[in-house]
Every structure is written in C-alpha cells, then in structure tokens.
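*Asks:* Attaching a single structure in structure tokens format; questions to follow.
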Amino acid sequence: MVEIRFHSLGGQGAVTLINMLARAGDLVGRYVQAFPFFGAERRGAPVKCFLRMDEKPIDLRSQIYRPDFLVVMSPAVLEAAVEEGTKESTVLLVNMREDEARKKLAGLPFASFAVDGTSIAIDLGMEVEGMPVTNIAFLGAVSYVTELVPLEAVTEVIKESSPPARMEANMEAARRGFTSVVEINKPEAASRRSARGAAR
C-alpha cells in the first residue's frame, strides 16, 4: 500500500485533486481511499488530505502519519507539513520555484522534488479571487513523482470532469505539471523510483 499526505491552503483545490487521483487510480485497477481533514473551512486556511492506493482492498481508516509521499501545495505550510510526520523513505513534492527549492530543501534528509504549480496556474488563468488554483498542475506532478497513475489516466479523468471551456487549459496544466518536476534532493531517490517502476 502507498500512502500520500497532502498539505495545502483552502482554495488551491486539494480536495478535488485527491478525488481526481482516486478516480485515476480506479481507472488503472487500483483500490483507492481518499479523504480530507479540515480545520477552519475558509479560503487560505490550512487543509490536509489523504490518499491511499493498493493492489488489494484497503481496511485502514486512520489519518496518514508517516507518508510514503508528502505533497505540499503551498510553501507557507511546508514546515508544518514536515513536522506533521515523515519517515526515512518519504518523498517530498513541493510547490516551489527550482531556485527557491534548492535553498530551502537542501538540508532535508529525504528525496525531494519541486514543481512551480503557482506559475503554471497563473499562466493558464487558473485563479479564483486572486488565489492560483494549483490542483491540476499537481495532478500531473503527482503522476510523475509517484508513478502510481500514468499521465494517460490523468488525461482521461480530466476529460471526464472538466467543463468544455476549461478542458484545454486543464490538459495543459496537467501536462506542464508532469514535465516541469525538478529533482532537488536525491538520497536514494533514483533507486526508489527504479524499484517502484520495477514493481509495476
């Protein structure tokens, strides 16, 4: 079983993101479990979401305390996300420019990746009340980093769920998210990714 914990701010679309990833997992034949945890339900407030995928039914119902993947959709919640709990083999994906990520993530003891989801969202006009909605860019980025669902499954989910007026932008956001991920730290990262690929 693979466990992913997401940290974001209200308005970035994390709940929609985990539901779309769960649908993509279902399309490729995985058992999935996705659920959010809210504090204050308002735009800009911290949000946590959880996603599990497995080849067999999932009986666990707890939050995820030591995730295999930690996805941080806003730099503002990075410190809290790491302090929430990790393990030696945790892989981090954070919404950050490459230059900023190389400064801020250099001391972390586990593999980390960055994608500038904010710039992707702004460039494609994905903003609500001034806040960039980064979830579709992260849909592609999570596909790339975790290798749990291929970009083809992500594309199919976007086709199913996007309004026609947003279809092209959403497809492009996911594609850019997938292709723009940068590896920052790589303690055993390459071997982990190879092992995951072989397992598939």
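Throughout, read-outs are computed from the coordinates displayed, never taken from laboratory work. This one's a predicted model, so the numbers in the text were calculated from it and none came from an experiment. Virtual Cβ from ideal backbone geometry, glycine too; neighbours counted across all protein chains shown.
*Asks:* In which sequence would 92, 108 go, from the one with the fewest C-beta neighbours within 10 Å to the one with the most? Display every interim value, and only then the final one.
*Replies:* Numbers: 92 24, 108 17.
The most exposed by this proxy come first: 108, 92.
*Asks:* Running Debye on the chain with equal point scatterers at the Cα sites and no solvent, what base-10 log of I(q)/I(0) appears at q = 0.12, 0.19 Å⁻¹?
*Replies:* At q = 0.12, 0.19 Å⁻¹ the computed log10 ratios are -0.53, -1.50.
*Asks:* Along the stretch 147-154, what does the Karplus equation 6.51 cos²θ - 1.76 cosθ + 1.60 (θ = phi - 60°) give for ³J(HN,Hα), rounded to whole Hz, x for Gly and Pro?
*Replies:* Along the stretch 147-154, the couplings run 6, 7, 10, x, 4, 4, 5, 4 Hz.
*Asks:* Set the Förster radius R0 to 30 Å, insert the Cβ-Cβ distance between residue 65 and residue 183 as r into 1/(1 + (r/R0)^6), and round the FRET efficiency to 0.05. List each step's numbers first, then the result.
*Replies:* Details: r = 25 Å, r/R0 = 0.85.
The computed FRET efficiency comes out at 0.75.
*Asks:* Pulled fully out, how much extra length does the chain show between residue 161 and residue 103, if you take 0.36 nm times their separation in residues and subtract their Cα-Cα distance? It would help to have the intermediate numbers written out before the result.
*Replies:* Details: separation 58, 0.36 × 58 = 20.88 nm, distance 3.71 nm.
This chain segment gains 17.2 nm when fully extended.
*Asks:* Given +1 on the Cβ of Lys and Arg, -1 on the Cβ of Asp and Glu, and no further charges, what dipole in debye does the stretch 2-199 carry about its Cα centre, rounded to the nearest 20?
*Replies:* Working: 23 positive and 26 negative charges, 53 e Å.
Rounded to the nearest 20 debye, it is 260 debye.
*Asks:* Return the sequence-ordered ³J(HN,Hα) values of the stretch 137-146 in whole Hz as given by the Karplus equation 6.51 cos²θ - 1.76 cosθ + 1.60 applied to θ = phi - 60°, using x for Gly and Pro.
*Replies:* Values per residue, Gly and Pro as x: 4, 6, 4, x, 5, 5, 4, 5, 6, 7 Hz.
*Asks:* What is the distance, in nm, between label points placed 7 Å from the Cα along the Cα-to-Cβ direction at residue 37 and at residue 89?
*Replies:* Those two pseudo-labels are separated by 2.2 nm.
*Asks:* For the peptides 69-76, 98-105, what is the packing order when you average, over each peptide's residues, the other Cβ atoms within 10 Å and list the highest mean first? Walk me through the numbers before you get to the answer.
*Replies:* Working: 69-76: 23.2, 98-105: 15.6.
Ranking, from highest mean packing down: 69-76, 98-105.
*Asks:* How large is ³J(HN,Hα) for each residue in the stretch 21-26, as worked out from phi by the Karplus curve 6.51 cos²θ - 1.76 cosθ + 1.60 (θ = phi - 60°), to whole Hz, x for Gly and Pro?
*Replies:* Here the 3J(HN,Hα) series is 5, 4, 5, 5, x, 4 Hz.
*Asks:* What's the extension gain from residue 56 to residue 76 if we count 0.36 nm per residue and subtract their Cα-Cα distance? Spell out each step's value before the answer.
*Replies:* On the way: separation 20, 0.36 × 20 = 7.20 nm, distance 3.55 nm.
Stretched out fully, the residue 56 to residue 76 stretch lengthens by 3.6 nm.
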